[in-house]
Amino acid sequence: MFEFLRNRAEPRRRANIRAQALIAEHGRDAWSVVYRLCRDPERDEQDRRFYYLVRDIIERRLGIPPRVDTATRYLERR
C-alpha cells in the first residue's frame, strides 16, 4: 500500500522541482514557457501530462488564475 502512495507522490515531487527551476530561470515568463511545453505535439502524452502538472504548480506559485492566456495576463499587469 505504501508503495502505491510513494509512486503517486513521485511525479508531484519531480514537477515541483521542475517548476522551481523554470521560475528561477524565466521568472514570470515561466508560465508561457511551460504552456508551450504542454502544447508541443512532438512530446508524448505522458510528458505533456507532466508539464500540465508543472503548469498548475507555476500558476499557484505566481498567483496566475488558471487558463488565462498570455494577452490577458499582459493587460492585467498594466
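What follows is calculated from the coordinates using simple rules that are stated; it is not laboratory data. Quantities reported herein were computed from a predicted structural model and do not represent experimental measurements. Positions of Cβ are generated from backbone atoms using ideal geometry, with glycine treated the same way; all protein chains shown enter the neighbour counts.
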Taking a virtual spin label 7 Å from the Cα of GLU10 along the C-beta vector, which residues in the range 38-60 bring their backbone nitrogen under 16 Å of it? 46-47, 50
Along the Cα→Cβ direction, 7 angstrom out, place labels at ASP69 and HIS26. What is the inter-label distance in nm? 1.8 nm
Choose one of TYR74, ALA21, TYR35: the residue whose Cα lies farthest towards the positive end of the charge dipole of the chain (beta-carbon charges +1 Lys, Arg; -1 Asp, Glu; about the Cα centre). TYR74
To check my understanding: the extent here is largest minus smallest coordinate of the Cα atoms along each principal axis. What are those three numbers for the range 14-78, in Å, largest first? 36, 23, 18
